[in-house]
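What follows is one structure encoded as structure tokens, with my remarks underneath.
Bear in mind these aren't lab numbers, they're just calculated from the coordinates by the rules spelled out. The model shown is predicted, which means the values in this text are computed figures rather than measured ones. Glycine gets a Cβ as well: all are built from the backbone with ideal geometry, and neighbour counts include every protein chain shown.
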Amino acid sequence: MRLPLKLSGLLIAATLLATACQPASAPAESGLDTSMQKLDRQLLPNEEWQLSQQVIELSFCRNRTNEALLASEMELNGWRLTGEQSAFPPYRKEGLVALQQILAGESYLLWQRDGNVSAQRYYLVLPAEQSKGDVSEQLFPAVARLAAAPEICHTAVINE
């Protein structure tokens, strides 16, 4: 059965409109590991993840990366309370990709506490079963690795 030309044109337009409204699969396209993005959206510590007591302060050599990770502690906690990817600003993915590239192959992750235009502060994070309640053993090797990365211009440890 052949449809009249006007009706087939309307069907094509409706199909194009429906596919344009579908959400994009951003994490796969952006190069951002979904496990890191899921961790970034959680309020920690919890039964799965343990945090260090000390805070690692980092500054990327590129201001653009520092700006992508710009967020106050209150903003981060507000975004994390929703648990939704859409709550986070889209430019944040760029900063998380830069951080993920530096941490590639490491057993630990970094969870952002806050950040301003010049530096961000992170807790070192390990899976609870791997940390055995003590994340501090990994702190100084992690700081040494981060300080050696050419993308990082400043590294410091802050006791909380």
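Relative contact order of region 36-158: what whole-number percent is it, with Cα pairs under 8 angstrom and at least 6 residues apart?
Over region 36-158, the number comes to 42 percent.
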Query raised in the report: When N counts the residues of region 36-158, how does its alpha-carbon radius of gyration compare numerically with 2.2 N^0.38 Å, as a ratio?
Result: 0.98
Report task. Using the Cα centre as the reference, give the magnitude of the dipole from point charges on the C-beta atoms of region 36-158 (Lys, Arg: +1; Asp, Glu: -1; all else neutral), rounded to the nearest 20 debye. Result -> 280
Report summary line: Farthest towards the positive end of the dipole of region 36-158, among PRO45, VAL135, ALA156 and with Cβ unit charges of +1 on Lys and Arg and -1 on Asp and Glu, lies the Cα of ALA156
Report task. Name the residue farthest towards the positive end of the dipole of region 36-158 from the options ILE56, PHE88, LEU126, assuming +1 on Cβ of Lys and Arg, -1 on Cβ of Asp and Glu, about the Cα centre. Result -> PHE88
